[in-house]
Amino acid sequence: MTELEKGPQGRRRGRGARERILTASQKLFRDQGINGTGMDQLCAAAEVSKRTLYQHFAGKDDLITEHLHRFDPDILPEVFDRTDLTPRERLLAVFDVHAPLCPFIQAAVEISDPSHPARTYARDYKKAFATRLADAAREAGADNPDRLGEQLALLLDGAAARTRVLGTDAFATAAEIATALIDAAIPATVRD
């Protein structure tokens, strides 16, 4: 980086600052938690001044909310929108693409105010995720697709929490349980 690209105190100028702030927030929120990440750390990691940060975000609450909005806005389109997979295969594929689940759980756990915009968004995301699962279960011919969608959502959230707490990948075990739930919910005549 040349001296012309740096502003006062050696920080990078505003071009791309919003993206740098959001990228830094993703890493820091994941590694240190939302409450454990300070604005000074975010500024240092994003190479921006506090003034620049506050030009893009009114405060940490706005940054947290935007962080969640950008994480998975379309609710796993890389799984649910695939036409090369059967509905049953899509239900199982969510256990292979599990990264988008943790930030929403983390936000709900770390933010105690139930009316906080990030907490509200996390709740709405989780409901929409269960709905996408229920829709795929309905398409697969499940006897009670809403129930199966809720069961799979709960299983995914549990696997995400267990993985986060223990530092081991619980999704393979969750996928085995999901297979049993799906096969029990979808009549064999529909599956075959």
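FYI, it's all coordinate maths here, none of it is from the lab. Bear in mind that the values here come from a model prediction, so they are computed numbers and not experimental data. Using ideal geometry, Cβ is built from the backbone for each residue, glycine included, and neighbour counts are taken over all protein chains shown.
Divide by every residue of the chain the summed helix terms, -39500 (n - 2.57) for each DSSP H run of at least 4, and state the resulting mean residue ellipticity at 222 nm, rounded to the nearest 500 deg cm²/dmol.
-20500 deg cm²/dmol
Mind checking which of 177, 21, 34 has the largest fluctuation in a GNM of the chain, springs on alpha carbons under 10 Å?
Of the options given, 177 has the highest mean-square fluctuation.
What's the extension gain from residue 83 to residue 177 if we count 0.36 nm per residue and subtract their Cα-Cα distance?
Working it through step by step, the gained length comes to 31.4 nm.
Using 0.36 nm per residue, how much length does the chain from residue 109 to residue 124 gain when fully extended, once their Cα-Cα distance is taken away?
Gain on extension, residue 109 to residue 124, equals 3.9 nm.
Only Cα pairs within less than 10 Å get springs; with that Gaussian network setup on the chain, which residue of 112, 25, 49 has the largest fluctuation?
For the chain, modelled as a Gaussian network with Cα springs under 10 Å, the answer is 112.
Using the Kirkwood radius over Cα pairs, work out the Stokes-Einstein diffusion coefficient for the chain at 25 °C and 0.890 mPa s, in µm²/s as a whole number.
Estimated diffusion coefficient is 133 µm²/s.
Express the relative contact order of the chain as a whole percentage, based on alpha carbon pairs under 8 Å and six or more residues apart in sequence.
Answer for the chain is 17 percent.
Quick one: among 44, 107, 136, which has the greatest mean-square fluctuation in a GNM of the chain with alpha-carbon springs under 10 angstrom?
44
If I model a spin label as a point 7 Å beyond the Cα along the Cα-Cβ vector, how far apart are those points for residue 131 and residue 168 in nm?
3.7 nm
Can you compute 3J(HN,Hα) from phi for each residue in region 150-159, using the Karplus curve 6.51 cos²θ - 1.76 cosθ + 1.60 with θ = phi - 60°, rounded to whole Hz and x for Gly and Pro?
Once θ is set to phi - 60°, the couplings for region 150-159 become 5, 4, 5, 4, 5, 4, 5, 4, x, 5 Hz.
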